[in-house]
Amino acid sequence: MKVSIHLHNQKYRSKPKKSEIGKISNEITDKIKEIDIERFAQEVGKKGRTFTTSIFNGRRVKENFVSQQVFCLDFDKGFTIDEFMERAKQYDIHPSMIYNTFSNTKESPRFRVVFINDCEIQNEEAAFALMYMLLEIFPESDKSCKDITRMFFGGNDLKFVDSNATINLVDISLSLQAYLKSRDKKNYRRKIEQIGRKMQVQVNNGKLCIHAEVLSGIKSEELLAMTSNMIRVNATESSLFYVIEKESHNHSMCRRQNGEKKRKKVRGISEKILLKKCPLFKDFYEKNITHEQKFLIATNLLSISGGENLFFAGNINHVEKWKENWEYLKQYHYVPQHCKNGNCPYYEKCRSPTILDKVTEKISKNRIEGYCEIEEAEKILRSYLLQSVQAREKGIYLISAQTALGKTSTYCNIVKENYEKKPFMIVVPTTKLQREVGEELERLNVPVFMTENIYYLLSEIHLDDLKDMAMYLYRMGFGYKVKSVIRDYISNTKLDDIQERRLREYLKSKERLEDSRCVVTTHAMFLSFQSEIISRYEVVIDEDILMSIFKNTSTISFGDIELALEKEAIPKEERGFVKRLLNASDSRIEVRKSLELRISQLDKIYEKEMLRNVPLVNFLQAASYQVDVSKKQVNFFNARQIPDVKMTIVSATLNEELYKNYCKGQKICFMKVPVAKYKGKLLQYTAHSLSRSNLEDIGYKKIKEKLDKFIESKEKNIITFKKYKEDSEIYYGKSEGYNEYKGKDLIVIGTPHNVPFVYHLIGAYLGYRAEDTLCLRMTENDTYSFKFMTFKNDKMRNLQFYFIESELEQAIGRARLLRYDCRVYLFSNYPCRQADIIEDEYLDLA
């Protein structure tokens, strides 16, 4: 720890002469020295350098006071260092250094004690209050120490140094109150009232109104705005404040607010539960922990029935002071302190905000689920699909149906029955599923045209160089060039007959598309088609196409944007907007109508070779932007429009509200197939979130080793984040349409949170209050009430839960629990439908 101090350069072996003192006084405030405590002690206590406890702006007078962090007590008569240390230990007061002054003799011991406050005190009244309380606890000290303008000479006999020791206003006020009660309990109230008047600090029910930040759940900033008689100790760093004596204390914000109900204490929390669930509490009972960690535990136990007995059964020194502290916390209605703020060494592993949260974690059902027979659900699914296919009115017909209910076979049979009356277009999320659906339709003797995926086409005919070029063009926003590049490639490259035939067929795919009775394509391809092509088909979309659109978020660096401006690659009419983004404040969000760049503008960007690997086209054509000043980048969302044609979308993860918000002006018809009960088991373990950051902190390998020990299944089929499953093609973000785990036991690891900017960008585009921030709070979904890191705003929370539920339901659905008697082990704190919730600790990280 370092302190800022006025420290004179001259070293002395004895007290300076009068002529030297004048010179020191004139020079000492010229500079401010930032120095660590150990060196400060050596320079003052051994080398005799002079210092001031306060910082001044100019001459050493009260009017120039800036701040004070150093406090001194001088002992000149009949009081020894041992006696001082005994009292300091008794009342939990921690000096930073002690040295004998130049006037010290064996016959007349004289020494100086130096204290370091935990932050600079930036107002004179607070500095006076702290000094006054120290003088009251140590009445043997020299009263002249309270002069904030005083210089203190050094010494050459350093007796004690503790470079980690600090004090603060709240602790010293509690030590003072404990000291006064031990000396004269009968007259304590009169004495503390007298001291309060001297310091101009209000006293309430025998307690000085000197507080840490959280009172009754109200932040001190809000309290500060609500009352004029409250003083913050440090405008930027300190969480301490005190209430000055200007008006009747009955109006002080320190009392419980009018109409505020007394908080109910949580019952049923035993010592055994605390020891099992909270590793810091276990340390508290078994060894000595820091003062701030004890304070953390005390504020949490205050909300637990029997918490006082549990606290004082712990490893407590300075019992009298802690009794005073407990009464203080109780009187001012302290809420449980956050574990991170209390410097809990286990916070990064537990990730629970408070000890109270940790020991009361519960997920409860807020409604009883009703189930129908699977055969009934199948009939209703077919009925809904027929109803939407036969409807004449244009609109988006959403059919919510469980995974494994037989969606694919149902719509394929409907296509077989109706394709001669009108052509169909089947739209699926992946090329793999596209092939499976095509094969099913061909088995039913339906003539099928499969749109060609350029990546798989070029892989099959072994043209890797052309494949890399085509993928690059699509990725960078130059997809319009792909066909011309293929034509040039055919003209300039020697190809075998199969290669040339397949490439020419691809170039004529539009003509074939317009003549087909049944087209099977992918989400990505479908979104690139023009509405006049799609409108001639009866469109059936398998899986949630809105999720495919929502994945179109990306970033571009400030440097790449500035380079594009410098090279004039950005159209003139867009430069003002782009410059405004670069100069925007952190987290600023901009929303606008998506820009459609002309071919000439795209060609101009493509010609700038230094920008070839910059996502400039996608950036310019985005619909919402968020500025991240700290990372020097702009995040953006490309909003692909869902064509305004009649279509049916069938999926397990549809969200009616989001479709209505995204497809404004289009008719939305929502149909939900009743839920059938799983044949298999979904066992969900919720003790840890296992988000990406949580997995990183704990270590994926360590978690997997723990899980392997207690999961009964011998099959170790795992779906988790791509980072940990690079050898698999199935992971979060890419699990739709895979059947490899059908009927097999499956392990799903993690809560698939997105980075917040994804929610903010999409939320802003949808017109939500996107500035809302994620915070741990009590919330609920369709089935459960639970604590979760989420948004306060309902619409933003709905968006976030849509993302998370979609990924989890798709991953769980790979086992086909609806039809097979297998097990899915899910490790996530987001509760899923039909799960057997298990809240027990399963990693034992203590």
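The values are calculated or read from the model by the stated rules, or taken from the named source; none is laboratory data. Values in this document were obtained by computation on a predicted structure and should not be read as measured data. Cβ placement follows ideal geometry from the backbone for every residue including glycine, while neighbour counts extend to all protein chains displayed. Remember, those area values only see protein heavy atoms, side chains included, never the ligands or the DNA or RNA. Shrake-Rupley method; radii C 1.70, N 1.55, O 1.52, S 1.80 Å.
Tabulated results
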{"quantity": "Number of positions in segment 49-71 that are part of a strand (DSSP E or B) and not aromatic (F, W, Y)", "calculated": "8"}
{"quantity": "Qualifying residue in segment 528-535 (condition: touching a strand residue (DSSP E or B) at 6+ places or on another chain (Cβ under 9 Å), closer than 16 Å to E736 by Cβ and in contact (Cβ under 8 Å) with a residue 60 or more places away in the chain)", "calculated": "no"}
{"quantity": "Scan of segment 539-583 for residues that are surrounded by fewer than 19 Cβ atoms within 10 Å (Cβ to Cβ) and among the aromatic types (F, W, Y), ordered by number", "calculated": "F558, F577"}
{"quantity": "Strands (runs of 3 or more DSSP E) contained entirely in segment 592-698, each with at least 1 residues that are over 27 Å from T408 (Cα atoms)", "calculated": "624-628, 633-637, 681-685"}
{"quantity": "Tally of residues being in contact (Cβ under 8 Å) with a residue 24 or more places away in the chain and surrounded by fewer than 24 Cβ atoms within 10 Å (Cβ to Cβ) across segment 416-436", "calculated": "12"}
{"quantity": "Candidate set: segment 270-293, residues that are of a type in the set (D, E) and within 28 Å of the chain's Cα centre (by Cα); chosen: the one farthest from C339 (Cα to Cα)", "calculated": "D283"}
{"quantity": "In segment 197-210, the residues that are farther than 14 Å from I172 by Cβ and in a helix (DSSP H, G or I)", "calculated": "R197, K198"}
{"quantity": "Hits in segment 810-846 - residues which are open to solvent by less than 30 Å² (accessible area, probe 1.4 Å) and outside any loop (DSSP other than H, G, I, E, B)", "calculated": "Q810, A811, I812, G813, V824, Y825, L826, F827, A835"}
{"quantity": "Some residue of segment 451-459 being open to solvent by 30 Å² or more (accessible area, probe 1.4 Å), farther than 22 Å from L495 by Cα, assigned to a helix (DSSP H, G or I) and not polar (S, T, N, Q)", "calculated": "no"}
{"quantity": "Enumerated strands (runs of 3 or more DSSP E) restricted to segment 78-182, each holding at least 2 residues that are surrounded by 20 or more Cβ atoms within 10 Å (Cβ to Cβ)", "calculated": "97-100, 111-121"}
{"quantity": "Cβ pairs under 6 Å, 6+ apart, first in segment 308-327 and closer than 15 Å to L180 by Cα and of a type outside the set (S, T, Y), second in a helix (DSSP H, G or I) and at pLDDT 85 or above", "calculated": "E320/A178; K321/L174; K321/S175; K321/A178; E324/L174; E324/Q177; E324/A178; N325/L174"}
{"quantity": "Where Y784 falls short, out of the listed (1) within 28 Å of I355 (Cβ to Cβ); (2) modelled with pLDDT under 90; (3) open to solvent by 40 Å² or more (accessible area, probe 1.4 Å); (4) not polar (S, T, N, Q)", "calculated": "(3)"}
{"quantity": "Qualifying residue in segment 676-696 (condition: farther than 28 Å from K358 by Cβ, in contact (Cβ under 8 Å) with a residue 24 or more places away in the chain, surrounded by fewer than 18 Cβ atoms within 10 Å (Cβ to Cβ) and touching an Asp or Glu at 6+ places or on another chain (Cβ under 9 Å))", "calculated": "yes"}
{"quantity": "Condition check for E442: under 19 Å from M525 (Cα atoms) and surrounded by fewer than 20 Cβ atoms within 10 Å (Cβ to Cβ)", "calculated": "no"}
{"quantity": "Residues (among the hydroxyl-bearing types (S, T, Y) and open to solvent by less than 30 Å² (accessible area, probe 1.4 Å)) located in segment 728-740", "calculated": "S728, Y732, S735, Y738"}
{"quantity": "Number of positions in segment 575-591 that are within 16 Å of I556 (Cα to Cα), in a helix (DSSP H, G or I) and either small (G, A, S) or in contact with a Leu (Cβ under 8 Å, 6 or more places away or on another chain) (or both)", "calculated": "3"}
{"quantity": "Output for segment 400-432, where each listed residue is more than 17 Å from S383 (Cα to Cα), part of a helix (DSSP H, G or I) and out of contact with any strand residue (DSSP E or B) (no Cβ under 7 Å at 6 or more places or on another chain)", "calculated": "K432"}
{"quantity": "Residue tally, condition exposed (fewer than 15 other Cβ atoms within 10 Å of the Cβ) and not basic (K, R), over segment 700-727", "calculated": "8"}
{"quantity": "Strands (runs of 3 or more DSSP E) wholly inside segment 483-573 that include at least 3 residues being over 27 Å from I605 (Cα atoms)", "calculated": "518-522, 538-542"}
{"quantity": "Which listed residue, of I589, I605, is farther than 20 Å from A639 by Cα and either in contact (Cβ under 8 Å) with a residue 40 or more places away in the chain or open to solvent by less than 70 Å² (accessible area, probe 1.4 Å) (or both)", "calculated": "I605"}
{"quantity": "Answer from K358, K349 - the residue that is surrounded by fewer than 19 Cβ atoms within 10 Å (Cβ to Cβ), at negative phi and among the basic types (K, R)", "calculated": "K349"}
{"quantity": "Complete set of residues in segment 361-381 that are of a type in the set (D, E, K, R) and open to solvent by 80 Å² or more (accessible area, probe 1.4 Å)", "calculated": "K362, K365, R367, E373, E375, E376, K379"}
{"quantity": "The listed residue being at pLDDT 95 or above and of a type in the set (A, V, I, L, M), out of L385, L329", "calculated": "L385"}
{"quantity": "Selection count, segment 3-60, where residues are surrounded by 14 or more Cβ atoms within 10 Å (Cβ to Cβ), under 51 Å from the mean Cα position of the chain (by Cα) and among the small types (G, A, S)", "calculated": "5"}
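Residues are listed down the side, and each one gets a yes or a no for (1) among the charged types (D, E, K, R); (2) in contact with an Asp or Glu (Cβ under 7 Å, 6 or more places away or on another chain); (3) free of Cβ contacts under 8 Å to residues at least 12 places away in the same chain; (4) within 24 Å of M133 (Cα to Cα):
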residue: Y12; (1), (2), (3), (4): no, no, no, no
residue: P16; (1), (2), (3), (4): no, no, no, no
residue: K23; (1), (2), (3), (4): yes, no, yes, no
residue: E27; (1), (2), (3), (4): yes, no, no, no
residue: G48; (1), (2), (3), (4): no, no, no, no
residue: T52; (1), (2), (3), (4): no, no, no, yes
residue: E63; (1), (2), (3), (4): yes, no, yes, yes
residue: T80; (1), (2), (3), (4): no, no, no, yes
residue: E86; (1), (2), (3), (4): yes, no, yes, yes
